[in-house]
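First comes the structure, then the notes that go with it.
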Amino acid sequence: MQELTLKVQRYLPGRDKRPYIQEFTVPLRKGMTVLEGLIYIKENIDNTLSFRSSCRMGICGSCGMLINNFPMLACHTPVEELGTDRIEVRSLPNFTVIRDLVADLDPLFEKHRSIKPYVVDSEEIEEPTAEFLQSEEELESYMQFAYCVKCGLCMAACPTVATDALFLGPQPLGQAYRYCTDRRDSGAKERFRQADSRHGVWLCHLAGACSEACPRGVDPALAIQLLKRAMIFDSLRLRKKKEPASIAEASKEIKPKIDVPEFTVK
């Protein structure tokens, strides 16, 4: 049986001034994932090692980590695919470290809540009497973006989040578009206002790192560009409504009203 060397970030608040790397050697078996390697360390070598995990199926998003300098889900990353027997595991960047590999994702959840990540009921539908049915085309318009598991990998990969902690980020902005394009929703205006801010959607310069890191194929970079387009179209529609219908009407609005006395020629 071969051996795997895991270089794991360790950090205990109150004891360590900064995170450091500790090496562990674990037996390597066929099909082994990075998460299984960490579990082996916790169960057989050092039970003080801290990390998050839950479903072990790439669905819950709990085990997001920086694996060989790339944000990944540890349970979704087979060691064989990394092509090396030396793997470095750190907590997700752009987030504060709570302990060892556990990152503080509260900022992500707060930003996510700020865009109202739910279907906002229309005021016209006070007491619905039947299901709000959707066509396959309507479902298809947002289904891809509904696969987000809030793992934080896109936020960890985003260069704008790295330079601006207040930037909403790819996960909240991508989910803003997911709900805005849902025809059952009537909260687009509120989300547009939230996204159209100093730290909102216009700070995204389309690096594409978020979509590359996403383990579910959500493509938040695409969602952000579609959100920008939707916001611009909405702004143009509002402007068009405010503009006069014709040049003649525009002239009437611009031309000052002057009372001219009538003269009678005798």
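Read the figures in this text as sums done on the coordinates, not as results from a lab. This one's a predicted model, so the numbers in the text were calculated from it and none came from an experiment. All Cβ positions, even for glycine, are placed from backbone atoms using ideal geometry, and neighbour counts span all protein chains on display.
Counting pairs of alpha carbon atoms under 8 Å apart in space and at least six apart in sequence, what relative contact order in percent does region 2-103 give?
33 percent
Roughly how many whole Å is it from the C-alpha centroid of region 63-119 to that of region 156-203?
Computed from Cα coordinates, the inter-centre distance equals 20 Å.
If each residue's Cβ is checked for other Cβ atoms within 10 Å, how do MET231, MET57, MET65, MET32 rank with the fewest at the top?
MET57, MET32, MET231, MET65
Which entries in the list LYS150/LYS189; LYS7/LYS111; LYS116/LYS228; LYS111/LYS189; LYS17/LYS111 go over 27 Å, if you measure between the two C-alpha atoms of each?
Correct reply: LYS7/LYS111; LYS17/LYS111.
Identify which of CYS60, CYS148, CYS204 has the largest mean-square fluctuation in a Gaussian network model of the chain, with springs joining Cα atoms closer than 10 Å.
For the chain, modelled as a Gaussian network with Cα springs under 10 Å, the answer is CYS60.
If you take the Cα Rg of region 106-242 and divide it by 2.2 N^0.38 Å, with N the number of residues, what do you get?
Normalised Cα radius of gyration, region 106-242: 1.07.
Magnitude of the Cβ-charge dipole of region 12-164, K/R +1 and D/E -1, about the Cα centre, nearest 20 debye?
Dipole of region 12-164, to the nearest 20 debye: 1320 debye.
Please give the per residue volume of the convex hull enclosing the alpha carbon atoms of the chain, rounded to a whole number of Å³.
226 Å³
Quote the charge dipole size of the chain about the Cα centre in Debye, to the nearest 20; the model charges only the Cβ of Lys and Arg (+1) and of Asp and Glu (-1).
900 debye
Could you please rank LEU38, LEU82, LEU4, LEU206, placing first whichever residue has the fewest other Cβ atoms within 10 Å of its Cβ?
Taking fewest neighbouring Cβ atoms as first place, the list is LEU206, LEU82, LEU4, LEU38.
Find the relative contact order for the chain and round it to a whole percent, using C-alpha pairs within less than 8 Å whose residues are 6+ positions apart.
Computed value for the chain: 16 percent relative contact order.
Given the options PHE51, PHE145, PHE233, which has the most mean-square fluctuation in a GNM of the chain, springs set between C-alpha atoms less than 10 angstrom apart?
Between PHE51, PHE145, PHE233, it is PHE233 that shows the largest mean-square fluctuation.
Rank THR160, ALA130, THR181 by how far each Cα sits towards the positive end of the charge dipole of region 106-242 (+1 on Lys, Arg Cβ; -1 on Asp, Glu Cβ) and give me just the farthest.
Value computed over the given set: THR160.
Summing -39500 (n - 2.57) over the DSSP H runs of n ≥ 4 in the chain and dividing by its residue number, what mean residue ellipticity at 222 nm do you reach, to the nearest 500 deg cm²/dmol?
-10000 deg cm²/dmol
Give me the dipole magnitude in Debye, nearest 20, for region 91-210 about the Cα centre, with unit charges on the beta carbon: positive for Lys and Arg, negative for Asp and Glu.
The dipole magnitude comes to about 680 debye.
Could you compute the FRET efficiency for GLU136 and PHE233, with r as their C-beta to C-beta distance and R0 at 35 Å, rounded to 0.05?
After rounding, the FRET efficiency stands at 0.90.
Once you've got the GNM for the chain with C-alpha springs shorter than 10 Å, pick whichever of GLU137, GLU80, GLU190 has the biggest mean-square fluctuation.
Comparing GLU137, GLU80, GLU190 in a Gaussian network model of the chain, the most mobile one is GLU137.
Can you give the FRET efficiency for GLU81 and THR5, using 1/(1 + (r/R0)^6), R0 = 25 Å, r = Cβ-Cβ distance, to the nearest 0.05?
FRET efficiency, GLU81 to THR5: 0.90.
At a threshold of 8 angstrom on Cα-Cα distance, excluding pairs fewer than six apart, so keeping six or more, what relative contact order does region 106-242 reach in percent?
32 percent
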